[in-house]
1. Residues that are without any contact (Cβ under 8 Å) to a residue 24 or more places away in the chain, part of a helix (DSSP H, G or I) and among the small types (Gly, Ala, Ser): does region 88-100 have at least one?
2. What's the number of the condition SER151 fails, among (1) of a type in the set (Ser, Thr, Tyr); (2) under 21 Å from TRP34 (Cα atoms); (3) in contact (Cβ under 8 Å) with a residue 12 or more places away in the chain; (4) open to solvent by 30 Å² or more (accessible area, probe 1.4 Å)?
3. Filter region 115-142 down to the residues that are touching a helix residue (DSSP H, G or I) at 6+ places or on another chain (Cβ under 6 Å) and of a type in the set (A, V, I, L, M) and list them by number.
4. Those residues that are free of Cβ contacts under 8 Å to residues at least 40 places away in the same chain and under 17 Å from GLY184 (Cβ atoms), I need them from region 3-36; list them, please.
5. Specify the residue that is most open to solvent (accessible area, probe 1.4 Å); the eligible residues are those in region 154-166 that are of a type outside the set (A, V, I, L, M) and under 20 Å from GLY187 (Cβ atoms).
6. From GLU209, GLU175, which residue is more than 18 Å from the chain's Cα centre (by Cα) and either open to solvent by 10 Å² or more (accessible area, probe 1.4 Å) or without any contact (Cβ under 8 Å) to a residue 40 or more places away in the chain (or both)?
7. So, in region 126-177, exactly how many residues are of a type in the set (D, E, K, R), in a loop (DSSP other than H, G, I, E, B) and closer than 28 Å to MET46 by Cα?
8. Open to solvent by 10 Å² or more (accessible area, probe 1.4 Å) and either over 23 Å from ARG224 (Cα atoms) or at pLDDT 95 or above (or both): which single residue out of LEU16, LEU6 fits that description?
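The values are calculated or read from the model by the stated rules, or taken from the named source; none is laboratory data. It should be emphasised that the depicted structure is a prediction, and the values quoted were computed from it without experimental measurement. Glycine gets a Cβ as well: all are built from the backbone with ideal geometry, and neighbour counts include every protein chain shown. Accessible surface is based on the protein model in full, side chains and every heavy atom, while ligands, DNA and RNA are left aside. Shrake-Rupley method; radii C 1.70, N 1.55, O 1.52, S 1.80 Å.
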Amino acid sequence: MNRVPLLNGQFDPLTLPQTVDEVFRFLDSGKHGWLCTVNVAILMMMRSNPRLQRFVDNAALIVADGQPLVWCSPWLGERIPVRVTGVDLVDAICDRAALLGKRVYLLGATQSVVSTLAQRLRERHKGLQIAFSDGYFSPQESRARAEMIRSSGADILLVGMGVPRQEIFLEEELEHSGASIGIGVGGSFDVLAGLRKRAPLWVQNLGFEWLYRLVQEPRRLFARYFVTNCQFIWLLLFALMARR
């Protein structure tokens, strides 16, 4: 399967079910690696953060977590079929893990949020083997967290600590954690635990979920979205002119 190039990113052209299939196929391979969900903000962040760029480039799987990436991909080459969000991926992976008896570990958010999420996932996916711990620890405590994950026997590690902190943890500690695959899912834990509302489906389909989030958290997100969206549009226009 050839990856689809888009500016400084490379994406696997997968649907959500196909992504889940690939995750569990990777588990059976006996390898260690990570899956990256990349949206416009992360794609732009990669340009100024060489370590993050290398981390994403070295991922076993890279999916587009943003409707603008899906829309723009045919303009620069091949088409990305659909977006695959961290929120949807967490739920779909837990559903398959419950069926196959694989162990999941949640790392991130506050203790209250992550414990609420774990309980919700247990109720939604009967038989799911899941453990968790919060994401509030220092870099010096990272190895101890990895040992906690190893002691749980986790096969899949879902990390919701924000970019690039979750990527740094996965790069440095995934092998020590004993999990076969790690997935950074950003703020998905807060959404799935009910702390933040997700945009209605029609807003998601229009590609304005970012705007819905901005309305909920204007102070935290305005500068990030304004800068990264403008940068993305400018680079996209430049790339289109270069192609012509």
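1. The answer is no, given that none of the residues of region 88-100 is without any contact (Cβ under 8 Å) to a residue 24 or more places away in the chain, part of a helix (DSSP H, G or I) and among the small types (Gly, Ala, Ser).
2. (3)
3. Within region 115-142, LEU117, LEU121, LEU128, ILE130, ALA131 meet the criteria.
4. GLU22
5. ARG165
6. Matching residue, one of GLU209, GLU175: GLU175.
7. Matching residues across region 126-177 total 2.
8. The conditions single out LEU16.
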